[in-house]
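*Asks:* What follows is a structure written as structure tokens; I'll ask about it next.
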Amino acid sequence: KAGVTQTPRYLIKTRGQQVTLSCSPISGHRSVSWYQQTPGQGLQFLFEYFSETQRNKGNFPGRFSGRQFSNSRSEMNVSTLELGDSALYLCASKGESYYEQYFGPGTRLTVT
Amino acid sequence: ILNVEQNPQSLHVQEGDSTNFTCSFPSSNFYALHWYRWETAKSPEALFVMTLNGDEKKKGRISATLNTKEGYSYLYIKGSQPEDSATYLCASSSNDYKLSFGAGTTVTVRA
């Protein structure tokens, strides 16, 4: 069974631009969560999608948005990028069990 | 502000020695406590999920305990090996499916 995949793995953008990150969950998993990790911080929860609906949302500004498609693939969009958005963005998928969460390798975003 | 705290932030341990570190979390509205191991250049890997006060879980040389009344969990590594070098993350969740992660404890095992 293929794991969680994220594309691209690395990205460099300029302040003010927007970016879209993609996450493909494990086959059969309907839940996808997004996290941000910055140096010295734990993983900060961005949002979770389940069956194309946002089920939960963290405390991030509206510049961060997401969506999920019918095949459970999810995208995360960040508009008007700021230097502080430079981080590792991880997605994780869950199956039927609440406890089983599997992470992807992450996308390293650098904003210059 | 993290409401899940992990201590210490990093530690070094000699190969063969045992070590342990803590995760403290809010005990109100507690649902589950998760431990992950995150090796450099890899994805975080789930180690344990615990829900009940007094739970103990074991996976090889690694074990964990849970105290939900006082809001802490310990992770133990017995007879540390170089392959145990990683960042260990804990996360607590309430029943709204959101995980709140600590900043992690980075373990370096010296040969």
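The values are calculated or read from the model by the stated rules, or taken from the named source; none is laboratory data. Keep in mind the model is a prediction, meaning the values are calculated, not measured. Here the Cβ is made from the backbone with ideal geometry for all residues, glycine too, and neighbour counts use every protein chain on show.
*Asks:* Any idea which of B:79, B:60, B:71 is over 22 Å from residue A:39 (Cα atoms) and touching a Pro at 6+ places or on another chain (Cβ under 7 Å)?
*Replies:* B:71
Table: residues versus (1) part of a loop (DSSP other than H, G, I, E, B); (2) charged (D, E, K, R).
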site	(1), (2)
B:17	yes, yes
B:22	no, no
B:34	no, no
B:43	yes, no
B:47	no, no
B:53	yes, no
B:58	no, yes
B:63	no, no
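*Asks:* Please name all residue pairs, on different chains or six or more residues apart, with Cβ atoms under 7 Å, provided the first residue is in region A:34-46 and is facing chain B (nearest Cβ under 10 Å) and the second residue is of a type in the set (Gly, Ala, Ser) and part of a loop (DSSP other than H, G, I, E, B).
*Replies:* A:40/B:103; A:41/B:103; A:42/B:102; A:42/B:103; A:42/B:104; A:44/A:58; A:45/A:58
*Asks:* So, one more: Can you tell me which of A:84, A:40, A:58 is out of contact with any Gly (no Cβ under 6 Å at 6 or more places or on another chain) and on the phi > 0 side of the Ramachandran plot?
*Replies:* A:40
Conditions tested, residue by residue: (1) at pLDDT 95 or above; (2) crowded, with 16+ Cβ neighbours inside 10 Å; (3) farther than 14 Å from residue A:11 by Cα.
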{"position": "A:70", "(1), (2), (3)": "yes, no, yes"}
{"position": "A:75", "(1), (2), (3)": "yes, yes, yes"}
{"position": "A:85", "(1), (2), (3)": "yes, yes, no"}
{"position": "A:90", "(1), (2), (3)": "yes, yes, no"}
{"position": "A:100", "(1), (2), (3)": "no, no, yes"}
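*Asks:* While we're here: Looking for whichever is more than 11 Å from chain B (Cβ to nearest Cβ) and out of contact with any strand residue (DSSP E or B) (no Cβ under 6 Å at 6 or more places or on another chain) here; the options are A:28, A:3. Which one fits?
*Replies:* A:28
*Asks:* I would also like to ask the following. For residues that are exposed (fewer than 14 other Cβ atoms within 10 Å of the Cβ) and within 18 Å of residue B:108 (Cβ to Cβ), scanning just region B:10-37, find the one that is nearest to the chain's Cα centre (by Cα).
*Replies:* By that ranking, first place goes to B:10.
*Asks:* Is it the case that residue A:79 is within 13 Å of chain B (Cβ to nearest Cβ) and either over 28 Å from residue B:106 (Cα atoms) or in contact with a Lys or Arg (Cβ under 8 Å, 6 or more places away or on another chain) (or both)?
*Replies:* Taking the combined requirement at face value, the residue does not satisfy it.
*Asks:* A further question on this structure: When the residues of region B:38-57 are narrowed to those that are more than 11 Å from chain A (Cβ to nearest Cβ) and surrounded by 15 or more Cβ atoms within 10 Å (Cβ to Cβ), which ends up nearest to residue A:43 (Cα to Cα)?
*Replies:* B:47
*Asks:* Show the residue pairs that are 6+ apart or on different chains and have beta-carbon atoms under 7 Å apart, the first residue being within region A:12-27 and under 12 Å from residue A:75 (Cβ atoms), the second being of a type in the set (Phe, Trp, Tyr).
*Replies:* Sorted first by the residue in region A:12-27, then by its partner, the pairs are A:21/A:89.
*Asks:* Only one of B:76, B:88, B:97 is surrounded by fewer than 22 Cβ atoms within 10 Å (Cβ to Cβ), closer than 30 Å to residue A:55 by Cα and either within 10 Å of another protein chain (Cβ to nearest Cβ) or touching a residue at least 24 places away in the same chain (Cβ under 8 Å) (or both). Can you tell me which?
*Replies:* The match here is B:97.
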